[in-house]
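Before any comments, here is the structure.
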Amino acid sequence: MVAQSTEKKPKRVLGPVDYNEVNPLMDHELKWTHLLSSREFQPHSFQIMQGNDVTAQWAKETGFRDPIIILEPDGLGLTMPPHELTVRQVAEACGLERTVQVLQGNSCANL
């Protein structure tokens, strides 16, 4: 004779949690803006470069292993968004309902 479990199991299939519904974007934006503006950060040790100096030859020679800071994008062939652009504006332009894949930092090495 086998004893049957008295524990009830849900009959519906549970899907993934939509964290955007749980914590709206605005809450996250305000939380991080407040957190970052209330902290002092250690000085960085990153190399500061001009966009014109960031070339394929430079990347081959250095291996491009360390982060760099590019103050002016001139010479990179990129169009940069205005400094005033916010996360909220990007979300509204893409659509608030759109799910955006996030690239995790530790997976960047595999690209």
>> For segment 39-92, give me each residue that is surrounded by 10 or more Cβ atoms within 10 Å (Cβ to Cβ) and within 18 Å of residue 29 (Cα to Cα).
In response: 85, 86, 87, 88, 89, 90, 91, 92
> Here are 73, 82: which of them is closer than 27 Å to residue 50 by Cα and modelled with pLDDT of 85 or more?
Replying inline: 82
>> Between 61, 29, which is closer than 24 Å to residue 91 by Cβ and not in a strand (DSSP E or B)?
In response: 29
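The values are calculated or read from the model by the stated rules, or taken from the named source; none is laboratory data. Note that this is a predicted model, so its numbers are computed, not measured. In this analysis, Cβ positions are derived from the backbone assuming ideal geometry, glycine residues included, and neighbour counts consider all displayed protein chains.
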